[in-house]
Amino acid sequence: MRLVLIGPPGAGKGTQAAILRDDLGVPHISTGDLFRDHVSRRTALGQDAQRYLDTGELVPDHITGEMIRRRLAEPDTRRGFLLDGFPRTVRQAEALGSMLPGADGGIDAVLEFTAPEDVVVARLLGRGRADDTEQVIRHRQQIYRSQTAPLLAHYADRLLTIQAVGSAEQIGERVRTALRERGLVASEDESVARP
């Protein structure tokens with residue numbers, strides 16, 4: 001099962017990815033986690049990424065793409081993965097497709113999490129992180145709309161839109177329903193269906 005999770009910052013992708021990781025038994029690969037790992041280990045990629053993270057800008061494609069390429073080469077991704085935060089642009093989607101074997105890059109579905117901007121801004125402000133000022137949050141929302149929204153057209157044949165308002169359990173049930181309707185998980189035990 002290879003899933004891509006997209007949506008504006010604060011839409012709850014990470015929470016749902018953790019639930020899906022446990023349900024499907026595949027790793028959750030978050031660009032945020034990759035950035036933090038590389039920065040904490042002071043890798044060359046991490047040091048390059050840090051400059052952009054400090055200003056709230058998106059890390060350039062060549063840095064993010066190389067981190068993802070290295071992570072997807074690890075053995076635990078053979079049965080599948082959940083990508084959270086990559087791709088963010090059509091160019092990144094094309095790069096992802098070239099990293100993976102299979103038709104259309106082998107992505108089974110793209111889960112788009114949607115929520116009103118005021119809802120996600122309130123969620124992110126509630127986390128209390130130093131870099132989560134309202135100005136930075138709204139700037140990230142604008143970047144998402146301009147750069148990531150075109151992915152909806154790119155992945156139109158595999159796109160599953162999930163309303164990300166409500167409890168984590170309610171949203172998780174919407175995800176499971178969408179995956180069942182697409183035939184990606186079985187109805188009885190939600191085990192992965194093999195096409």
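For this structure, a couple of remarks:
- Calculated on the Cα set of region 1-109, radius of gyration then Dmax: 13.4, 37 Å.
- Antiparallel %, DSSP beta bridges [both residues in the chain], to 5: 5
- Summarising the amide proton neighbourhood of Ile162: residues at separation of 5 or more, or on other chains, whose placed amide H is nearer than 5 Å comprise Glu112, Phe113, Thr114.
- The length gained by stretching the chain between Ser167 and Thr133 to full extension, at 0.36 nm per residue less their Cα-Cα distance, is 9.8 nm.
- Helix-only [θ]222 nm of the chain, DSSP H runs n ≥ 4, -39500 (n - 2.57) each, per residue, nearest 500: -14000 deg cm²/dmol
- Burial order of peptide ranges 81-87, 64-70 (average beta-carbon count within 10 Å, highest first): 81-87, 64-70
- Full extension of the chain between Asp61 and Arg145 yields a length gain of 28.5 nm, computed as 0.36 nm times the residue separation minus the alpha carbon distance.
- Cα-only Debye scattering, the chain: base-10 log of I(q)/I(0) at q = 0.10, 0.13 Å⁻¹: -0.40, -0.69
- A protection proxy built from the mean count of other Cβ atoms within 10 Å ranks the segments 129-139, 157-167, 1-11, most packed first, as 1-11, 157-167, 129-139.
Taken together, the values in this text are just the output of simple stated rules run on the coordinates, not laboratory data. What you see is a predicted model, and the numbers here were worked out from it, not measured in a lab. With ideal geometry, Cβ positions are generated from the backbone for all residues, glycine too; neighbour counts draw on all protein chains shown.
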